[in-house]
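Take a look at the structure below.
The values are calculated or read from the model by the stated rules, or taken from the named source; none is laboratory data. Small disclaimer: the values here were computed from a predicted structure and weren't measured. Heads up, the Cβs are rebuilt from the backbone with ideal geometry, glycines too, and the neighbour counts pull from every protein chain shown. Side chains included, ligands, DNA and RNA excluded: accessible areas come from the protein's heavy atoms. Shrake-Rupley method; radii C 1.70, N 1.55, O 1.52, S 1.80 Å.
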Amino acid sequence: MRFPVDNFLTQWNETAGNPFGIQTSYGFHEGVDLNDNAGGNSDIGANIYAISPGELQYYHTAKHPNTGFGYHNVYKIAGAWGVRWVHQAHCLSDLLATVKVLFEGEKIGRCGNSGTTYGHIHFALFKVDPATLPNGIDT
């Protein structure tokens, strides 16, 4: 398993955005916000990779009108921990837009600021397909 960006341990942090579990104006923040250490929008355009082999389940290549996720995708992975769904949001508009099998390390998008005011990657793991949650991933 790999990190969703290159050089995560030395060039990225999760302290500049919303932490996991915080209550926001739109509800529970169910992921972490990944930012590069240079600050501002310097991370826009950074490649985002699949963290593990899996299957791209769905994606939105248009800014979603009801959420702040912007361009985003969800892919399913499996391992000793069981099945999980990975959600990555705020991508640039050129994210991978084909339901397909993914390999670990495959580029699936680029960091953007769609649906938000500053560049970052919203990164979340779910035990269930987030589309099946009562409010779904896109509501």
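At-a-glance table
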item	result
Choice from His72, His60, His120 showing the highest fluctuation, given a GNM over the chain with Cα pairs closer than 10 Å	His60
With at most 12 other Cβ atoms within 10 Å, longest stretch of the chain clear of loop chymotrypsin sites (Phe, Trp or Tyr not before Pro) (DSSP)	27-80
Distance from the range 71-89 to the range 1-51 (C-alpha centre basis), Å	16
Per residue accessible area in Å² of the chain, where ligands, DNA and RNA are left out and the probe is 1.4 Å	50
Inter-label distance, nm, simple model (7 Å from Cα along the C-beta direction), Tyr58/Val128	1.5
Candidates Thr24, Thr117, Thr98, ranked by Gaussian network fluctuation over the chain, Cα under 10 Å, top entry	Thr24
The chain, helix-only ellipticity at 222 nm - DSSP H runs n ≥ 4, -39,500 (n - 2.57), divided by all residues, nearest 500	-500 deg cm²/dmol
Amide H contacts under 5 Å for Ile48, placed H, 5+ residues apart	Ile108, Gly109, Arg110, Cys111
Cα gyration tensor shape of the range 47-139, rounded if a/c is under 1.5, else prolate or oblate by comparing a/b with b/c	oblate
Carbon + sulfur, % of accessible area of the range 7-109 - ligands and nucleic acids excluded, 1.4 Å	54
The chain - charge dipole about Cα centre, Lys and Arg +1 at Cβ, Asp and Glu -1, debye rounded to 20	200
The range 1-79: C-alpha gyration tensor shape, a/c 1.5 cut-off, then a/b vs b/c	rounded
Loop-located trypsin sites (Lys or Arg not before Pro) in the range 27-90 whose Cβ has at most 15 other Cβ within 10 Å (DSSP)	Lys63
For the chain, built as a Gaussian network whose Cα springs stay under 10 Å, the top-fluctuating residue of Asp43, Asp94, Asp33	Asp94
